[in-house]
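The next block holds one structure in the form of structure tokens; read it before the comments.
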Amino acid sequence: MIGERIEAFIREYVKRYRRVKGTSTDWETPLVAYASAHDPLFHRLREVVDHRHLLPSDLLRNAKTVIAYFIPFRREVALSNAGGRRPSREWALAYVETNQLTNDLNASLARMLESMGFRCAVTPPTHNFDERRLVSNWSHKHVAYIAGLGTFGLHHMIITEKGCCGRLGSVVTDAVVEPTERPGEEFCLHKRGEECLACVERCTFGALTVNGLNRHRCYDVCMRNSRLYPDLGLADVCGKCVCVVPCSFKAPI
């Protein structure tokens, strides 16, 4: 089955990456899910979120499937970022190294599928957004939701079965893979009607409230943080709202 080959490839690639590239960051086993390129939610995303959001067919003619994956950070990375107002060096480094991992993984996955006769299209893991409106033209978070990787938390991040501390990636292909069933319930405790505002309490900058996320205030914080570790590259991160909260390492179900 093509889906099983894709999942095995992604998991083995991530497993070997630290040894091959000599990264400081290590990762847990990735989660992989699939969406039909013709899922109506892609059109709904364009209508509701942004009319400039791309459809899978905009990236690849005759697209059939969108592969979405989540690469979880190891627990110690999130724990390092739990205190204070500044992001930890470990968290910033994990962000930079996982972005590179995602770029390398996408290119290698595309080559593997192309060797089997399929075509692929890849997009960057981040920094593919309009800096004025702060809206991406290909949102990995929304793609992950459509593919069934998880549900949105109050913090606007995707909560997967392995939590929300990690990075998302996606690849569009003309290979046909059976879509993953989306979760039948909310993974966010607050959205389920239970008592939890841990992510709001963790955001001491006022960017995240129970009424929503102020994208520009959040972005300003991240850009200020990008100057903290210039030797690492562009680490425009914060992550306080997802570190050491009930949904950090698993879906609270």
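The values are calculated or read from the model by the stated rules, or taken from the named source; none is laboratory data. Small disclaimer: the values here were computed from a predicted structure and weren't measured. Reconstructed Cβ throughout: ideal geometry from the backbone, glycine too, with neighbour counts over all protein chains shown. Calculation scope for accessible area: heavy atoms of the full protein, side chains included, ligands and nucleic acids excluded. Shrake-Rupley method; radii C 1.70, N 1.55, O 1.52, S 1.80 Å.
Of note:
- Integer Hz, Karplus 6.51/-1.76/1.60 couplings in order for the stretch 96-104, x for Gly and Pro: 5, 5, 6, 4, 5, 4, 4, 4, 5
- Rg followed by Dmax, in Å, when the stretch 52-207 is reduced to its Cα trace: 16.9, 50
- Residues whose amide H falls under 5 Å from that of Gly166, counting only those 5 or more places apart or on a different chain, are Phe73, with hydrogens built in the peptide plane.
- Full-extension gain in nm, Leu232 to Arg111, via 0.36 nm per residue minus C-alpha separation: 40.7 nm
- Estimated vicinal HN-Hα couplings, Hz - the stretch 232-243 in sequence order (Karplus 6.51, -1.76, 1.60; Gly, Pro = x): 8, x, 7, 10, 7, 10, 9, x, 4, 6, 10, 8
- Taking a point 7 Å out from the Cα of Val244 in the direction of its Cβ, the residues of the stretch 78-93 whose backbone N falls within less than 17 Å of it are 78-92.
- Computed from phi, the 3J(HN,Hα) profile of the stretch 60-72 under the Karplus parametrisation 6.51, -1.76, 1.60 (θ = phi - 60°) reads 8, 4, 6, 4, 10, 9, 10, 8, 10, 9, 10, 10, x Hz, with x in place of Gly and Pro.
- For the chain, the solvent-accessible area of protein heavy atoms averages 49 Å² per residue (probe radius 1.4 Å; ligands and nucleic acids excluded).
- Partner lysines whose Cα lies under 18 Å from the Cα of Lys15, excluding those fewer than 8 positions away in the same chain, are identified as Lys162.
- Stretched out straight at 0.36 nm per residue, the stretch from Val48 to Arg86 would grow longer than its current Cα-Cα span by 10.3 nm.
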